[in-house]
Structure formats: C-alpha cells, structure tokens
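Input: a single structure, listed below in structure tokens.
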Amino acid sequence: MEFSHRPVLLAETIEALHIHPGGLYCDCTAGGGGHSAAILSRLGDKGRLVAVDRDPDAIAALQARFSGDGRVRIVHDTFDHVAEILRGERANGILADLGVSSHQLDCAERGFSFHRDAPLDMRMSKTGLSAADVVNTYSQEALRRLLWEYGEEKYAPAIARAIVRDREKQPILTTFMLVDTIKSALPGKAMRDAHPARRTFQAIRIEVNGELAMLEGALDAMFASLKTGGVLAVITFHSLEDRLVKRQFAKFTEGCTCPKEFPVCVCGKKPRGKVTCRGTAAAPAELQENPRARSAKLRAIEKLRDRQTDD
C-alpha cells in the first residue's frame with residue numbers, strides 16, 4: 001500500500017515556522033512528506049531539510065518522493081534523538097506532528113485501527129513490543145492503570161477485567177477480538193458516544209510506541225537544537241500530549257522567579273522562549289475535507305536565548 005498522509009494544519013504550520021530560504025529545518029515526523037514538501041517549496045538552493053521518521057514505510061516513501069533533491073537528508077530515527085540527527089547544528093525551525101499517519105490507520109495489517117480487522121500490532125517502528133504483547137501479558141492492574149492514564153478511560157477497571165477474562169480462554173490477537181472484549185465490558189450508554197474502543201486503542205498505542213515517555217525529553221532536545229530566533233512547532237491530537245506540550249512551553253517562557261515583594265530582580269532568570277501560537281485548531285474548511293484533523297492543535301514557540309541568564 002502506498003504511504004499517504006494528509007498533513008493537518010499545513011498553512012498554519014508553515015506560517016508559524018517563518019521559513020527562511022537559506023535556513024536549516026527538521027521535520028521530526030515526516031511521514032509521507034506533506035509538511036516537508038511545503039517547507040522545501042519555501043527553501044532556496046542553499047536551504048536544507050532533515051526529514052525524520054521512525055516508520056520504515058515512511059522512510060521508503062520519503063526516499064522515493066525526495067530522491068535527487070540535494071537539499072534533503074532522510075533519517076530513520078525517533079525525534080528524541082534530534083540533537084544527534086542534526087549533528088550538533090542548530091536549526092531555524094523544527095516540526096513534530098504527533099499524530100498517527102493516515103497510512104498507519106488505513107493499512108489494515110498495521111493494526112492501528114479499530115475499524116479494520118487485523119493483527120494486533122500498532123508498532124510505528126515495526127519492531128519491539130506489540131499491542132498483542134501488552135494485551136496478553138500485562139497484569140489486570142497494569143492494564144487498568146494504562147487505560148486510565150493514557151486513555152482517560154473511565155471504564156478502565158471493567159475493560160481490564162474483561163481483557164484478562166477473555167485472554168484466559170484464548171489469546172487476543174486481532175483488533176476485532178479486542179473490540180469485542182471492550183464492548184462486552186461497557187454499559188449500553190457508552191456505545192452511543194464515540195467508538196467504544198477509541199480510548200483503549202489510544203492508550204495501548206501510546207504504550208507500545210512510548211509516545212508520552214519520550215515526548216518531554218524530546219521537547220527539551222528540540223528546543224535546545226534551535227538557533228536563537230528559531231521556531232519549534234508541535235501538532236498534538238489528544239489532551240494528554242497537548243497538556244504536556246503546553247506545560248513544557250510554559251517552562252521555556254518562565255522568567256524572573258523572585259518573590260513579588262522584591263523591589264528588583266536578583267535571580268537573573270529571563271524567558272528562553274516566546275509562545276507564538278497557542279493551540280490553533282483546524283478551520284471548518286479543513287475539517288470538511290479531512291475529518292481526522294478535528295482534534296489537532298498547533299502550538300509554536302520562538303527561541304529567545306539558550307540559558308535563562310543569557311543577555
């Protein structure tokens with residue numbers, strides 16, 4: 001299946017990055033190359049783009065799409081390694097689109113979608129711990145905690161019990177087997193809202209791919225890898241990662257911490273960044289064309305200095 005991913009908030013993201021024709025940019029989650037192509041269209045001959053993805057299918061698609069463009073370097077890695085990926089250089093702009101790609105959702109055998117029957121996988125890198133491993137080996141308490149913390153699933157205890165119950169009869173190895181187990185644990189009213197498996201699948205996917213575990217450190221690394229005046233833009237798709245990004249951006253903008261009664265600042269701390277985009281959502285026209293953009297939010301921050309005490 002051809003790798004495809006419709007980039008969300010494309011115009012807003014490109015505007016937020018303030019692209020300089022001769023600059024260095026890093027698309028840390030390049031996917032099918034939609035955002036990368038838009039960045040390249042604004043770069044001149046001396047501009048450079050580093051396109052990064054952890055999914056081998058995405059890497060193959062990027063190589064096919066940008067083959068022959070000497071401005072592009074493609075790297076198969078995760079975004080928390082951005083400092084090593086950039087080889088010590090500082091970038092004018094860094095982008096991280098934290099969403100699951102359309103290809104990953106639409107390619108049934110990847111096991112990301114609760115709408116398609118497939119092996120229970122969900123691995124973005126196609127390596128390591130799978131969703132089936134989580135479902136069939138985690139304890140009931142570990143599953144409950146996982147569903148509550150990463151899925152904000154209020155029926156987490158009941159779903160965890162049902163998973164343990166059903167896997168004792170036979171391993172839960174496909175997406176539809178897991179969906180049936182989830183449905184069996186929920187009251188009728190829970191079936192009338194969003195898809196009953198949505199939060200559970202989100203939680204398991206986050207666990208399998210270590211998404212939140214690596215994000216906080218990755219944000220620090222990405223911000224540190226910017227030049228002064230550079231921009232970090234992050235697109236989130238659920239409240240957990242959006243709160244984390246918002247909180248981390250707030251730390252970057254923190255200035256003087258002296259008690260209010262002090263007549264002058266003695267701590268010397270100054271903001272390291274300035275937030276330039278505060279949770280922009282997709283416009284109605286984009287939502288009509290791409291319903292998957294409905295939960296997307298864009299946040300961006302400009303780097304003012306490296307250390308809080310820099311002048």
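Which shape class, rounded, prolate or oblate, goes with the range 161-311 when its Cα gyration tensor gives a ≥ b ≥ c as root eigenvalues, a/c under 1.5 marks rounded, and past that a/b bigger than b/c marks prolate?
Details: a/c = 2.84, a/b = 2.23, b/c = 1.27.
Prolate.
Give the shape of the range 142-250 as rounded, prolate or oblate, defined through the alpha-carbon gyration tensor: a ≥ b ≥ c are the square roots of its eigenvalues, a/c under 1.5 means rounded, and otherwise the shape is prolate if a/b is larger than b/c and oblate if not.
Working: a/c = 3.25, a/b = 2.42, b/c = 1.34.
Note, shape of the range 142-250 comes out prolate.
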Inset, instruction - Would you mind computing, in nm to one decimal, how far apart the modelled labels at R198 and R90 are, each placed 7 Å from Cα along Cα→Cβ? - result: 4.2
Inset, instruction - Compute the relative contact order of the chain as a whole-number percentage, counting only Cα pairs closer than 8 Å that sit 6 or more residues apart in sequence. - result: 18
Inset, instruction - Sticking with the crude label model, points 7 Å out along Cα→Cβ, report the distance from H115 to S139 in nm, one decimal please. - result: 3.8
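Report the extension gain between S41 and T228 in nm, rounded to one decimal, defined as 0.36 nm multiplied by the number of residues separating them, less their alpha carbon distance. Could the numbers behind the result be given before it?
Values: separation 187, 0.36 × 187 = 67.32 nm, distance 2.33 nm.
That works out to 65.0 nm of additional length.
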Legend entry - Amide H contacts under 5 Å for C26, placed H, 5+ residues apart: V50, G93, I94, L95
Inset, instruction - Evaluate the distance, in nm, between pseudo-label points positioned 7 Å from the Cα of A11 and of K189 along their respective Cα→Cβ axes. - result: 4.2
Inset, instruction - Give me the accessible area per residue for the chain, probe 1.4 Å, as a whole number in Å². - result: 47
Legend entry - Listed values (i) 156; (ii) 136; (iii) 121, entry calculated as volume of the Cα convex hull per residue in Å³: (i)
Legend entry - Under the Karplus curve 6.51 cos²θ - 1.76 cosθ + 1.60, θ = phi - 60°, whole-Hz ³J(HN,Hα) for the range 247-256, x wherever Gly or Pro sits: 5, 5, 4, 4, 5, 5, 9, 5, x, 4
Inset, instruction - Using a 1.4 Å probe over the heavy atoms of the protein chains, calculate the carbon and sulfur portion of the accessible area of the range 152-203 as a whole percent. - result: 50
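For a test of the definition: using alpha carbon positions, the gyration tensor, and the 1.5 limit on a/c, classify the range 265-311 as rounded, prolate or oblate. All intermediate terms of the calculation are to be shown ahead of the outcome.
Details: a/c = 5.55, a/b = 4.64, b/c = 1.20.
Because a/c hits 1.5 or more and a/b exceeds b/c, the range 265-311 counts as prolate.
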Inset, instruction - Can you find, among F249, I204, L226, the residue farthest towards the positive end of the dipole of the range 156-289? Put +1 on the C-beta of Lys and Arg, -1 on that of Asp and Glu. - result: F249
Inset, instruction - Please list, or write none, the lysines whose alpha carbon is within less than 22 Å of the alpha carbon of K169, excluding same-chain residues fewer than 8 places away. - result: K183
Legend entry - Among the listed pairs K260/K297; K126/K297; K46/K303; K46/K269; K270/K297, those beyond 29 Å (Cα-Cα): K260/K297; K46/K269
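The values are calculated or read from the model by the stated rules, or taken from the named source; none is laboratory data. As the structure is a computational prediction, the values presented were derived from the model and not from experiment. Cβ: placed from backbone, ideal geometry, glycine included. Neighbour counts: every protein chain shown. In case anyone asks, the SASA skips ligands and DNA or RNA and just uses the protein heavy atoms, side chains included. Shrake-Rupley method; radii C 1.70, N 1.55, O 1.52, S 1.80 Å.
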